1. If I filter the range 230-251 down to residues being farther than 17 Å from Asn188 by Cα and within 15 Å of ligand 4 (Cβ to nearest atom), which single residue comes out as nearest to the chain's Cα centre (by Cα)?
2. Output the qualifying pairs, or none if there are none: Cβ atoms under 6 angstrom, residues six or more apart or on different chains, first residue in the range 249-275 and at positive phi, second residue away from ligand 3 (no atom under 15 Å from the Cβ) and not in a helix (DSSP H, G or I).
3. Residue under question is Tyr191, and the condition is that it be hydroxyl-bearing (Ser, Thr, Tyr), within 33 Å of the chain's Cα centre (by Cα) and within 16 Å of ligand 4 (Cβ to nearest atom); does it hold?
4. Kindly indicate which of Ala254, Ala276 is more than 16 Å from ligand 4 (Cβ to nearest atom), within 29 Å of Thr178 (Cβ to Cβ), in a strand (DSSP E or B) and modelled with pLDDT of 95 or more.
5. Could you look through the range 224-245, keep only residues that are in contact (Cβ under 8 Å) with a residue 60 or more places away in the chain and within 12 Å of His291 (Cα to Cα), and pick out the one that is surrounded by the most Cβ atoms within 10 Å (Cβ to Cβ)?
6. Please enumerate the residues belonging to the range 279-303 that are touching a residue at least 12 places away in the same chain (Cβ under 8 Å) and assigned to a loop (DSSP other than H, G, I, E, B).
7. Can you confirm whether the range 290-307 contains a residue that is closer than 19 Å to Ser211 by Cβ, crowded, with 19+ Cβ neighbours inside 10 Å and in contact with a Gly (Cβ under 7 Å, 6 or more places away or on another chain)?
8. Every residue in the range 279-321 that is at pLDDT 95 or above, farther than 17 Å from Lys244 by Cα and basic (Lys, Arg), please.
Amino acid sequence: MADGSIKKMGEVARRTLATPALADRTILLVDDDPANIQHVREGLASQGYRFREAHDGTEALRSLREVRPDLIIMDVEMPRLGGVEVCRIIKANGGEGGFGFIPIILVTARQAAGKVEGLELGADDYLVKPFDMLELSARVKSMLRLKALQDAVVEKNRELDKANKELAQKREELLALTRVDALTGLYNRRYFEERITEEFIRSTRYRSPLSLVMMDIDHFKKLNDTYGHPFGDEVLRQVARTIKGKLREVDFVARYGGEEMIALLPETGPKEALGACERVREAIASLQLEHRAQDGSHQMVRCTASLGVASVPAKSLPVMEELLRVADACLYKAKAAGRNCVRQ
Ligand code: GH3
Ligand code: MG
Ligand code: MG
Ligand code: MG
Ligand code: MG
C-alpha cells in the first residue's frame, strides 16, 4: 500500500477516534457498596462526566429509561439481581423501542470468575478490582467513543428511514398524478384503459354484470365559441363533478377525450345502468352555469349531454371491444335522436 494512502487512513482514524466532548456524558454507576462508587467517581472526577448511581440491579434497571446513560459501570456481585444478570437483561432489550445500545463495563473483585460469562452475555469490557485508575479512565473513554459511533449510526439509519419513507410517499403521489386528468380531476384515459381491463377480468371470472357509459357534451364547440374557452373549461369541471356526484363510489369515471367522459359501472346490469344514466343526464341538464362577461353582465347558461350505455348482463361473458363499440354506437344514436338523451 502506498505511503500516501496509509497516511490518509491514519488521518481518518485520528478524526474518527478523536475524543469527542465528553463532559455531557452520563455514566451510571451500579454497586451495592457506596465506597466503591465513591472510588470510581473520584478516579474519573477530572473528566467532567455526569454521574448517576444505583445500588442494586433492580434499581439500575428501573432508572435506565429516565437516566439514559451513555455508559454503565456495574459491579458483578450484588444482592438480589447481580451484574451479569442485569447485563443480560439490558443486552436482550437493546433493540428498537428498547434501551438501545449502552456499553457496559463489569467490575468484580474476583479474579476471572464471571468474566467470560459476562462478556458472553454482551458486557463490552471488564475490570478486575483493584484496578488502576488510569486504565479505568482509558477504558471509559474507549467505551464512550464506541457509544458515540453507535449513536451516529443509529441516527444515520433513522435519517435514511425517514428519507426512504418520504421518497415512497412522493412516488405514490406522482403515480396518482399520472392517473388523473388535470382539468377535471377525473381519471385520465390511460388509467381508464388499465382499469377497464381489470374490471373485465373480474366480470368474466365472477360472471357479474358490468356496464359502460360514454358521455359527450352537446354542442360544446358552440359553448366555447359563444362564451370563451375558459368558460368551457369551467363547464367541463362542473359536468365532471356532477357525473361523479350522481354515480357510486365504486364506479370508475374518466375523461376520455376533450368533452367526452366515460364511466365503468361494476355489478350493474342494463336496467340499473339506464337509471344511473338518466340521473346523470338530468343533473347535467339542470346545472346552472353562471357566465360573467367582461362588461360585468352575467347570465345563466345551460348545457346538456348525450349518453350511450352498453351492458353485460349477469352470467354472460363480456367482450371488452364489443362493449366499447356498442357504447359508442349508442352515444351516436343519442346524438342522432336530438341529443340530451340516453340510448342503450
Ligand atoms: P356534439 O353535440 O356533436 O358533440 O357537438 P360538439 O360541439 O360538442 O362536438 P365537437 O366535437 O364538434 O366539439 C368539441 C369541442 O370541444 C371542440 C373542442 O375545442 C372542445 N374542447 C376539447 N377539449 C376542450 C377543453 O379542454 N376545454 C375546452 N374549453 N374545450 C375543449
Ligand atoms: Mg458488590
Ligand atoms: Mg363530436
Ligand atoms: Mg360534444
Ligand atoms: Mg365529442
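The values are calculated or read from the model by the stated rules, or taken from the named source; none is laboratory data. Only a predicted model underlies this, so the values are computations on that prediction, with no experimental measurement involved. Reconstructed Cβ throughout: ideal geometry from the backbone, glycine too, with neighbour counts over all protein chains shown.
1. The residue in question is Val235.
2. That search, which allows pairs on different chains as well, returns Glu267/Ser208.
3. Spelling it out, it is not the case that Tyr191 is hydroxyl-bearing (Ser, Thr, Tyr), within 33 Å of the chain's Cα centre (by Cα) and within 16 Å of ligand 4 (Cβ to nearest atom).
4. Of Ala254, Ala276, the one residue that is more than 16 Å from ligand 4 (Cβ to nearest atom), within 29 Å of Thr178 (Cβ to Cβ), in a strand (DSSP E or B) and modelled with pLDDT of 95 or more is Ala254.
5. Step one: of the range 224-245, the residues in contact (Cβ under 8 Å) with a residue 60 or more places away in the chain are 227, 231, 235, 239.
Now drop any that are not within 12 Å of His291 (Cα to Cα), which leaves 227, 231, 235.
Values: Tyr227: 18, Phe231: 18, Val235: 22.
It comes out as Val235.
6. Leu287, Gln288, Arg302, Cys303
7. The answer is no, given that none of the residues of the range 290-307 is closer than 19 Å to Ser211 by Cβ, crowded, with 19+ Cβ neighbours inside 10 Å and in contact with a Gly (Cβ under 7 Å, 6 or more places away or on another chain).
8. Arg302
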